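The structure appears right after this line, and notes come after that.
The values are calculated or read from the model by the stated rules, or taken from the named source; none is laboratory data. The model shown is predicted, which means the values in this text are computed figures rather than measured ones. Backbone-built Cβ (ideal geometry, glycine too); neighbour counts: all protein chains shown.
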Amino acid sequence: MTAARTNPASYLYEPPGPRGRRNIRIGSTVSVLALLGVLALGLWQFGSHGQLDADKWLPFTEWAIWEYLLVGLGGTLLAAAIVAVLGSLFGIVLALGRLSRVRVVRWLSAGYIEVARTVPVLLLIYLMLFGLPQLGINFPTLWKLVIPLAVANAAVFAEIVRAGILSLPKGQSEAALSLGLRPHQAMRLVVLPQALRNVTPSLVSQLVSLLKDTSLGYIVAYTELLYRGQVLSAFNHLLIQTFLVVTLIYLVVNGSLSALAFRLQKPGRKRMPIAQPVPTLAATLPHAEYPLTHREDHPAAAGHAASDPAASDPAASDSATAPTPKDRRA
Amino acid sequence: MDILIENLELLLQALGTTLMMAVVAGIGSLILGVLVTVARVSPIPVLRAAAFCYTQFFINVPLLALLILAVFALPDAGLLLPLTPTAIIVLTVYEAAYVAEAVRSGVNTVGVGQIEASRALGLSLGQSLRLVVIPQALRAVVQPLGNVMIALAMNTALAAAVGVVELTSRVNKVNLVHAQPIEIFTGAGLVYMAIALAIGLATGWVERKVAIVR
């Protein structure tokens, strides 16, 4: 039964017996009737005001209208992409700042994150739209939308990235440091890549929220989906139909993103790079002499073999595997 | 500061609207969200599917689109309520989806043993949900619910876009008259931060009170 998989709380009840099944059937019937009733009521309400007439919906079978709205969707996606790039870059910087060893940097980053998370984006947009022009500072329309969104989303991204860094086992950075990497190298090469990979589902979910936020372009008159819907409805006077279609487009786009986030979240999706299996003794032995030619450019293996002649097998397997990545690179 | 004090009465009135919207929508969304969660974990497949669709719909559609739909479009279908109540209803049903997601993750944290024990004691499904599962689920997700409530308080600002005169809208109007953007918007930002801080502190207090020590 799929319910067990889709509904983690299904252990709330045992597999129903005869009476349970009857109750579930009754409950299903009642809830289907109730839902259909609500739906019918809504449709009747719409129908009685002529909102279901064919001539109100027929315009939406024309490609021109869809094209008009899809251009808006393009604007939405463009703004979302810019905000995602700016926000995530700035967010990573902020996350690192919040974990910095320098106290001032830590405080500044924390202060920024707290402020940006607790101020409505609309307030920032009004500031960009009406406030700053009074001071002679003006931006193109796209940036009036993108800057406030990036300011706000950077803080959210920062918190996600920070959670990812903190949730990584400490051994990772300790191992990197003990290998002789500098702290910034350990962060850049070891900690951050793994942390980012672990928080990918949260980042994609945040992308959904960000894409929703670009609907604020409606206020700054930036050509995005909701704004196009508004212009279209002012033109064709089909308010309900237009905004329902716009809502549907948002639902499809964000729904696919959400589904992606859900898929990424599923356990067992992690494909850790699998270490190359160590060749078996039998596989290495026939090539035991062959790698000798490579030993000149492999001083570690040569020294190892020379200092410990008894352990010729591991040395051979060492040098036998060594050429493989080299060959692949060549 | 002068401008803020000069317009204090108007601004306080607007702040009152913001707070009222946040409180009413907050309580409403908590109740509705828990109901949606109950439907989400019920043994009736239709209800589960309906609750799933509900949360997915509201999590994937922008609040602003819903507000515009409800305020400007639905009157064409004869569904006309005063402006502020409409905004509050939209906020409530929108945030209820987030509440439902949070509470559902709380339900998943309730130990299987708890549920088995309640079944063994002979509680019906409704009883075990009402008396055992939901209380523990809510206690486990105080912090996430606090975050949802903070987001709700921030989202009341969007009502300004459809014409509700709340804090953001009023601040913008005051600024258009006095042209002191830095001072005025900073003041408003501080007020919103104070609201978020208050919710955060309240959340922390509630969490300490109800946390389950295992």
Residue that is at pLDDT 90 or above, out of contact with any Leu (no Cβ under 6 Å at 6 or more places or on another chain) and either facing another protein chain (nearest Cβ under 8 Å) or more than 29 Å from B:V36 (Cβ to Cβ) (or both), where the choices are B:L152, B:L190, B:L158: B:L190
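Could you tell me which of the residues A:G97, A:G74 is under 23 Å from A:V231 (Cα atoms) and over 18 Å from the mean Cα position of the chain (by Cα)?
The match here is A:G74.
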Do we find that B:V165 is aliphatic (A, V, I, L, M) and either surrounded by 20 or more Cβ atoms within 10 Å (Cβ to Cβ) or assigned to a helix (DSSP H, G or I) (or both) in this structure? no
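Looking only at region B:59-92, count how many residues are of a type in the set (V, I, T) and more than 13 Å from every other protein chain (Cβ to nearest Cβ).
To start, the set of residues in region B:59-92 that are of a type in the set (V, I, T) comprises B:59, B:61, B:68, B:71, B:84, B:86, B:88-90, B:92.
Narrowing further to those that are more than 13 Å from every other protein chain (Cβ to nearest Cβ): B:84, B:86, B:88-89, B:92.
Total meeting the criteria: 5.
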Please go through region A:91-129 and give me each residue that is farther than 23 Å from B:A196 by Cα, away from chain B (no Cβ under 14 Å), assigned to a helix (DSSP H, G or I) and hydrophobic (A, V, I, L, M, F, W, C), ordered by number. A:I92, A:V93, A:L96, A:V104, A:V105
Tell me the helices (runs of 4 or more DSSP H) entirely within region A:199-290 that contain at least 1 residues that are more than 23 Å from A:S167 (Cα to Cα) and at pLDDT 90 or above. A:200-213, A:217-220, A:225-236, A:239-265
Give me the residue from region B:47-78 that is in contact with a Gly (Cβ under 8 Å, 6 or more places away or on another chain) and surrounded by fewer than 22 Cβ atoms within 10 Å (Cβ to Cβ) and, out of that set, nearest to B:I89 (Cα to Cα). B:V71
